1. Taking only the C-alpha atoms, wrap a convex hull around region 132-271 and report its volume per residue in Å³ as a whole number.
2. Taking K and R as +1 and D and E as -1, what net charge do the other residues with C-beta under 12 Å from the C-beta of GLN148 add up to?
3. Cross-link candidates for LYS270: which lysines have Cα within less than 16 Å, leaving aside residues fewer than 8 places away along the same chain?
4. Using Stokes-Einstein with the Kirkwood hydrodynamic radius over Cα pairs, what translational diffusion coefficient do you get for the chain at 4 °C and a viscosity of 1.567 mPa s, in µm²/s rounded to a whole number?
5. Rank the residues PHE22, PHE250 as a footprinting-exposure proxy: fewest other Cβ atoms within 10 Å of their Cβ go first.
6. Measure off 7 Å from each Cα along the Cα-to-Cβ vector at ILE101 and PHE250, then give the distance between these two points in nanometres to one decimal.
7. In which sequence would VAL163, VAL94, VAL45, VAL219 go, from the one with the fewest C-beta neighbours within 10 Å to the one with the most?
8. Which pairs in the list LYS204/LYS229; LYS5/LYS128; LYS178/LYS239; LYS5/LYS80; LYS25/LYS229; LYS175/LYS231 are over 22 Å apart, alpha-carbon to alpha-carbon?
Amino acid sequence: MELSKMKVTLITGASGGIGKAFARKLAAEKHNLLLVARSRGKLDVLCKELIEEHHITAQYIALDLITKDADQIIFEETEKRDLTVDCLVNNAGVGSAGDFIDLDLHKELDIISLNISFLTSLTFRYLKQMRERNSGTIINIGSMASFQPTPFQAVYAASKAFVRSFTEALVAENKPFKINILLLCPGLTETNFFQGGEMSIQDKKTLAGNISFQSPEEVVEEGLTALRKHKTSIISGSKNRLLISMGYLFPNSMLSNIMANKFRSHFQPKK
Ligand SMILES: NC(=O)c1ccc[n+]([C@@H]2O[C@H](COP(=O)([O-])OP(=O)(O)OC[C@H]3O[C@@H](n4cnc5c(N)ncnc54)[C@H](OP(=O)(O)O)[C@@H]3O)[C@@H](O)[C@H]2O)c1
């Protein structure tokens, strides 16, 4: 039964940014793809483009992943379509920025639903199958923000801290099996992330400071290179790696206060 199934790489959040760059790169490497996001039109165009350019199979599921039971809907769809998810890229994620009490609580809870609950549920379903086959790959997209509490991005950074801790634990649990698990932590990347999280251009400038942006293609290249070298964790960008390693020299409380002071006049202006 299993033999007749087609192996696919499932990428969440594939309609733009880092997810789309993963789709393009993996299609060029002849992966058959199952792409997931809300924007049906974008997914449709991308699948057609990848099929034509790379002679692979590319299909999609258009779904809001904060829908109740979204993981079950996707899992049942892959069963119905006779697909084996051999590689799972948990990329879909959203953020926000602002003084926590000024933010929309429902949207903050949606961040937790997408970045944590959905990622956990989808991983559970497909890791279970990978363990039965004793093969598979999972790439979880974390963030540089996962390494310390981040004032004015409090929920987003905490959600990525979950992704980091969860992924590192799964790496260790799955050591005896032929399952590759990678935590890919991008720094600032030129995508629609800021617009998607309803952040203004000024919010983006404040958060970025002097830090330069990578392209989504650079992030994906570094992630896939790390995977080929059997690494289990990578922060993309040499300057980002340096920043994080310097951060280890100081307690989180100190780093949080430095960041809060830097961002306060923008996010908490005196009334
Ligand atoms: N850009 C950065 O600076 C940066 C830095 C560190 C980490 N990251 C992480 O990188 C990952 C990818 O983000 P990106 O930078 O590529 O941002 P992006 O360009 O905004 O892409 C986000 C993707 O997720 C999808 N998505 C968002 N909400 C969704 C929902 N409710 N249901 C289904 N799909 C949803 C979007 O598609 P639809 O709108 O079509 O649904 C889109 O394809 C995220 O996990 C993010 O946290 C980004």
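1. On the way: hull volume 18.0 nm³, N = 140.
Convex hull of Cα atoms, per residue: 129 Å³.
2. Values: positive: LYS160, ARG164; negative: none.
That works out to +2.
3. LYS262
4. Working: Rh = 19.2 Å.
Using the Kirkwood radius from Cα pairs, D works out to 68 µm²/s.
5. Working: PHE22 30, PHE250 11.
Final ranking by Cβ density, sparse to dense: PHE250, PHE22.
6. Using points 7 Å along Cα→Cβ, the separation is 2.6 nm.
7. Numbers: VAL163 23, VAL94 19, VAL45 12, VAL219 26.
With the fewest neighbours first, VAL163, VAL94, VAL45, VAL219 line up as VAL45, VAL94, VAL163, VAL219.
8. Numbers: LYS204/LYS229 33 Å; LYS5/LYS128 17 Å; LYS178/LYS239 32 Å; LYS5/LYS80 11 Å; LYS25/LYS229 17 Å; LYS175/LYS231 12 Å.
Violating the 22 Å Cα-Cα cut-off are LYS204/LYS229; LYS178/LYS239.
Coordinate-derived values only; no laboratory data. Here the structure is a predicted model, which means the values were calculated and not measured. Neighbour counts are summed over all protein chains in view; Cβ atoms, including those assigned to glycine, are modelled from backbone coordinates with ideal geometry.
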